[in-house]
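The values are calculated or read from the model by the stated rules, or taken from the named source; none is laboratory data. Owing to the predicted nature of the structure, the values given are computational and were not obtained by experimental measurement. All Cβ positions, even for glycine, are placed from backbone atoms using ideal geometry, and neighbour counts span all protein chains on display. Remember, those area values only see protein heavy atoms, side chains included, never the ligands or the DNA or RNA. Shrake-Rupley method; radii C 1.70, N 1.55, O 1.52, S 1.80 Å.
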Amino acid sequence: MSLTTFSVITLQPGTARWGLAQMGTAQAPLKRAVGLRFFKLAGTGADGGFGVWPNLQRYVLMAAWESAEAAEDFFATHPQWKAYQERSTEIWTARLQPLKAHGLWDGVQPFDVATTEMPDLDGPVAVLTRASIRLRKTPRFWRYVAPTSAAVAHAPGVVASIGLGELPIVRQATFSMWESARAMQQYAYRDATHKKVIRRTRQEQWYGEELFARFRVLSSEGTWDGRTV
């Protein structure tokens with residue numbers, strides 16, 4: 001079975017420069033990880049949310065694996081992961097099964113959706129949305145989308161959420177985990193503000209590239225802001 005992992009890494013005080021440097025220097029060793037099909041190392045928004053200002057103590061590693069065994073070997077032995085562990089105050093990792101995905105990330109579809117099984121409406125799910133924003137559209141994006149994305153954290157049924165940035169301003173993503181697919185669908189299809197923003201993005205063609213993916217949450221370990229999520 002294909003597997004995706006999503007890790008939230010909170011670094012120790014005094015390691016901000018090291019963490020920022022890893023956005024460049026960690027790329028090569030991660031690319032050599034056995035069984036790693038696709039990955040993104042991203043920064044996060046200040047205050048744990050979605051915004052222009054970064055949190056230099058917190059990073060995310062999203063990875064799509066050829067197998068669960070490849071993922072387990074990476075987390076147990078890879079030098080780059082050990083370097084993060086040695087410099088972190090906490091790490092939270094979710095193991096996810098891709099259920100649905102459409103769109104592209106850097107020209108590829110990273111998630112192997114190997115099942116046609118419908119998700120349990122009462123089981124926990126995670127959602128990842130990502131967009132490459134057209135430069136001339138960035139003011140509109142930050143005016144309308146950013147506040148809506150930040151509001152997801154307070155939606156009924158949300159367990160945790162975080163805003164990500166590959167590149168400042170123009171390459172943004174959000175990850176959210178929900179108590180159930182039912183709760184997620186109620187927000188996506190019934191929240192008036194959310195629906196209005198989605199229509200606006202389509203009409204005004206804000207994105208050069210975008211991706212949406214939904215996952216079944218298989219398990220999680222560690223802590224995120226002191227909580228076992």
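For the range 68-112, a tally of residues being within 17 Å of the chain's Cα centre (by Cα) and more than 25 Å from Thr228 (Cβ to Cβ) returns 12.
For (1) open to solvent by less than 30 Å² (accessible area, probe 1.4 Å); (2) touching a residue at least 40 places away in the same chain (Cβ under 8 Å); (3) touching a strand residue (DSSP E or B) at 6+ places or on another chain (Cβ under 8 Å); (4) assigned to a loop (DSSP other than H, G, I, E, B), each residue gets a yes or a no:
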| residue | (1), (2), (3), (4) |
| --- | --- |
| Ala64 | yes, yes, yes, no |
| Asp73 | no, no, no, no |
| Thr93 | yes, yes, yes, no |
| His102 | no, yes, yes, no |
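Take the conditions acidic (Asp, Glu), modelled with pLDDT of 90 or more and within 22 Å of Met177 (Cβ to Cβ) and apply them to Glu72. Does it pass? It is true that Glu72 is acidic (Asp, Glu), modelled with pLDDT of 90 or more and within 22 Å of Met177 (Cβ to Cβ). Selection of the range 116-136 for residues being at pLDDT below 75 and within 27 Å of Tyr207 (Cβ to Cβ) yields Pro119, Leu135, Arg136.
Screening Ala181, Ala188 for residues that are modelled with pLDDT of 70 or more and either within 23 Å of Trp92 (Cβ to Cβ) or among the basic types (Lys, Arg) (or both) leaves exactly one candidate, Ala181. If the condition is being of a type outside the set (Val, Ile, Thr) and assigned to a loop (DSSP other than H, G, I, E, B), then the range 15-34 contributes Ala26, Arg32, Ala33.
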